[in-house]
Amino acid sequence: MYKLTGVTKDYPKGRATVHALRGVDLEIPDGEWLAIQGPTGHGKSTLLQILGGLDRPTAGSALFGGRDLAKVRETEMTKLRAASVGFIFQTFNLIPTLSAQENVETALVPLGVGNGSRRARAAEALASVGLGDRLRHLPGELSGGQQQRVAIARALVKEPKVLLADEPTGNLDEDTRDEIIGLLEKLWQEKGLSMVVVTHDSSIARRAQRLGTMKNGQLTIKQKV
């Protein structure tokens, strides 16, 4: 699925340069769940953006299905993201004026899915995360956990190969956190996804197959026993 070799990412900051990633090597096979932990500001989210094609390495190669994300044209990158990568964020990133169903449908628009099929697939995706009776509710009418379920449905409705989650339970209480991560684990198993979850929560990280730690832009992987 993924093979990163010597990936670096530098950002200018005034007259200085921030070295967000420093020679990251990483392989993620099909169907693996990898959790990544580490202090704030040490490169976790930057690495996730590289994996998702939202940003490009300054140097090194980042292969996704054999294609180097550092060299793919922007138009091809957009298509690749739309078809193959699902994103889940801490802040849900739902459009407040759209219903739950309409929010999920937005993931299918770039793929050219027709209106009828789009509505049906969105309804099915929401039902799969336990929100079949909330299709017409606006985000403001839903709890935090329900909003994150909508975000999960939106990420999965296009049937991606990989799911990338950045602190997906960071804004949730403990009980809701357990529900959401349990749902993600269930969907990961059922759909055979590759899943990368950035989290500060060790109880979540322990459920993954492998654990990575980011510190000062460098990644260390620990195989679970």
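Read-outs: derived from the displayed coordinates by stated rules, not from any lab. Predicted model, so just to flag it, every value in this text is computed and none were measured. Cβ placement follows ideal geometry from the backbone for every residue including glycine, while neighbour counts extend to all protein chains displayed.
Of the residues that sit in region 110-121 and are under 15 Å from Pro160 (Cβ atoms) and not basic (Lys, Arg), which one is surrounded by the most Cβ atoms within 10 Å (Cβ to Cβ)? Explain how you work it out, then say what you get.
Here is the first cut: in region 110-121, the residues under 15 Å from Pro160 (Cβ atoms) are 110-111, 113, 121.
Subset that is not basic (Lys, Arg): 110-111, 113.
Numbers: Pro110: 13, Leu111: 13, Val113: 18.
Looking at the filtered set, the residue picked out is Val113.
Which of the residues spanning region 125-163 are of a type in the set (Asp, Glu) and within 25 Å of Glu32 (Cα to Cα)? Passing the criteria: only Glu159. Once region 11-40 is narrowed to residues that are of a type in the set (Gly, Ala, Ser) and farther than 21 Å from Gly60 by Cβ, the residue that is surrounded by the fewest Cβ atoms within 10 Å (Cβ to Cβ) is Gly14.
Looking across region 105-129, the residues that are assigned to a loop (DSSP other than H, G, I, E, B) and over 20 Å from the mean Cα position of the chain (by Cα) come down to Gly112, Val113, Gly114. Among residues of region 47-73 being in a loop (DSSP other than H, G, I, E, B) and among the small types (Gly, Ala, Ser), the one that is surrounded by the fewest Cβ atoms within 10 Å (Cβ to Cβ) is Gly66.
Cβ separations smaller than 9 Å between residues 6+ apart or across chains give the following pairs from region 187-205 residues that are over 17 Å from Ala151 (Cβ atoms) and touching a residue at least 12 places away in the same chain (Cβ under 8 Å) to residues that are assigned to a helix (DSSP H, G or I) and of a type in the set (Phe, Trp, Tyr): Ser194/Trp188. Contact map, region 134-163: first residue in contact (Cβ under 8 Å) with a residue 60 or more places away in the chain and surrounded by 20 or more Cβ atoms within 10 Å (Cβ to Cβ), second residue in a helix (DSSP H, G or I) and among the aromatic types (Phe, Trp, Tyr), Cβ cut-off under 8 Å, separation 6 or more or different chains; pairs are Leu163/Trp188.
Looking at this structure, is Leu184 buried (at least 19 other Cβ atoms within 10 Å of the Cβ) and closer than 18 Å to Asp30 by Cα? Step through it out loud before you land on a result.
On the way: buried (at least 19 other Cβ atoms within 10 Å of the Cβ): yes; closer than 18 Å to Asp30 by Cα: yes.
It is true that Leu184 is buried (at least 19 other Cβ atoms within 10 Å of the Cβ) and closer than 18 Å to Asp30 by Cα.
With respect to the numbered conditions (1) polar (S, T, N, Q); (2) touching a residue at least 40 places away in the same chain (Cβ under 8 Å); (3) surrounded by fewer than 20 Cβ atoms within 10 Å (Cβ to Cβ), which one is the sole condition not fulfilled by Asn103? Here Asn103 meets the rest and fails (3).
Tally the residues that are surrounded by 15 or more Cβ atoms within 10 Å (Cβ to Cβ), of a type outside the set (Asp, Glu) and outside any helix (DSSP H, G or I), restricting the search to region 187-206.
Looking only at region 187-206, we keep the residues that are surrounded by 15 or more Cβ atoms within 10 Å (Cβ to Cβ), and these are 187-188, 191, 193-199, 201, 204-205.
Now drop any that are not of a type outside the set (Asp, Glu), which leaves 187-188, 191, 193-199, 204-205.
The next check asks that each one be outside any helix (DSSP H, G or I); those that pass are 193-199.
Here the count works out to 7.
Checked against the criteria, Lys222 counts as in a strand (DSSP E or B), among the charged types (D, E, K, R) and surrounded by fewer than 17 Cβ atoms within 10 Å (Cβ to Cβ).
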